[in-house]
Amino acid sequence: MEKSIESIWKEGFLDNNALLAPKLNDLYTRKSIHFIDKFTRLFKINLIAIAVFAGVLLVASFVAGIPFVGGFLFLLFMSLAVVGKPEMDKLKKIDKNQNSFQYLSEFDRWLKGTIQLYTKIYKVFYPLFFLGLAAAIWASGLGSVLLELVTKIIPDMYLYRGIPAVWLVTMLMITNLLYRFGGTIYQLDMKLTYGNALRKLDEMLADMEELRS
Amino acid sequence: MSSDFYTTSIIPHQAIIIKICRAYTNSQEDFEDYYQEVCLQIWKSNDNFQQQSEWSTWVYRIALNVCLTLLKKQKNNPHHFASEFLPEQAMVDSRAFADESLNLLYGAIRQLSEIDRAVIMLYLEEKSYQEIAEIMGTNPTNVGVRIKRIKERLKKLLDGKVN
């Protein structure tokens, strides 16, 4: 007589070996490797994007006739990529054969170290970048247009070596602010770019801590 | 995951988790991945359980959702799972139950659509139409009609293979 699917199901699972559960062990290792590989790719893309942007800036500055400012900005951006390269190498050296907790912890240490290093760099980078931009505006001819406009509004304005003192003071104030808050701006930028990945890392480490306890 | 939680909240429902995971995988490696992910997700979503339904219903729902999500991910990104590294002939289910009829039935179930697989598993686990409807987010009448159709299809698939 033909068996119904219900009885095949019931009788088939009477054998206890049919329902052996696997051990809970390997998932986090795979997840960790997958996560870090993804982060490494993001970091690499970021470095390449910075280098490409620096090149574009340099070419654009030649076209705009402000090669010195362009050269300065090129060097500034390239310094970010150059500093990132050894960091990237360190990241690649993290041993994938250790257990997932050690692996992720080591990655977390690397990440914190890199963020600390870049926070210091960006404290200087943002003000210098801003000064570069201000110089570019001034040197591109836009400066004389601005000067003309401002002179019409304030005819007796004090000029320092042909540059309005108000402009200089404002630029210095903004530069000072950028120096003070450069680190914070960088950390905000990090949160925007890698926020999800960073949250995931914290969650995974917390989960693992709980698993170990 | 604490061993207490595993013992009290997962082990009593382990059988259905295993059955569901097997229905959505073709290799032991993938099966282990699915099983572990389901257990982890049950543990992680423990805080969201609001006791509006039975714990078992909650477990079934998570198990099915996780399997469907992983299946989708696996289709989009085969690198994530072990079966990608297996030769093609190994993609056919490498596991076998002692009961040959059960092997054939599982083979037939795997040929169903993803949703039909979920419905028939719950039916075979003797869940009521109401409970199945709750888990699948539909109504009991639809469940009844669907089960009738699935059973007919399974019968066709098994015809000539099971005596």
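The values are calculated or read from the model by the stated rules, or taken from the named source; none is laboratory data. Given the structure is predicted, the values throughout are model-derived calculations rather than measurements. Cβ atoms come from the backbone with ideal geometry, glycine included; neighbour counts cover every protein chain shown.
Some points to look at:
- Figure legend. Inter-residue proximity from the range B:28-39: first residues buried (at least 20 other Cβ atoms within 10 Å of the Cβ), second residues among the small types (G, A, S), beta-carbon distance below 8 Å, spacing 6+ or different chains. Indicated pairs: B:D30/B:A82; B:D30/B:S83; B:D33/B:A82; B:Y35/A:A21; B:V38/B:A63.
- Inter-residue pairs, beta-carbon under 7 Å, first more than 27 Å from A:F125 (Cβ to Cβ) and in the range A:153-182, second among the small types (G, A, S) and surrounded by 10 or more Cβ atoms within 10 Å (Cβ to Cβ), 6+ apart: A:Y158/A:A165; A:L159/A:A165
- Counting residues in the range A:59-68 that are farther than 22 Å from A:R199 by Cβ, touching a Pro at 6+ places or on another chain (Cβ under 9 Å) and not β-branched (V, I, T) gives one or more.
- Those residues of the range B:4-14 which are within 9 Å of chain A (Cβ to nearest Cβ) and of a type in the set (S, T, Y), in sequence order: B:Y6
- As a summary of the residue check, A:I115 satisfies the conditions (1) assigned to a helix (DSSP H, G or I); (2) surrounded by fewer than 15 Cβ atoms within 10 Å (Cβ to Cβ); (3) not charged (D, E, K, R) except for the one numbered (2).
- Residue in the range B:72-88 that is at pLDDT 75 or above and touching an Asp or Glu at 6+ places or on another chain (Cβ under 7 Å) present: no
- Matching residues in the range B:15-27 - criterion: being buried (at least 23 other Cβ atoms within 10 Å of the Cβ) and more than 10 Å from every other protein chain (Cβ to nearest Cβ): B:I20, B:Y24, B:T25
- Matching residues, the range B:40-79, being over 19 Å from B:M136 (Cα atoms), among the polar types (S, T, N, Q) and surrounded by 15 or more Cβ atoms within 10 Å (Cβ to Cβ): B:Q74
- Sole exception among (1) surrounded by 13 or more Cβ atoms within 10 Å (Cβ to Cβ); (2) at pLDDT below 80; (3) within 9 Å of chain A (Cβ to nearest Cβ) for B:A108, by number: (2)
- Of all the numbered requirements in (1) closer than 19 Å to A:L133 by Cα; (2) basic (K, R); (3) loosely packed, with under 11 Cβ neighbours inside 10 Å, A:K152 misses one, and that requirement is (1).
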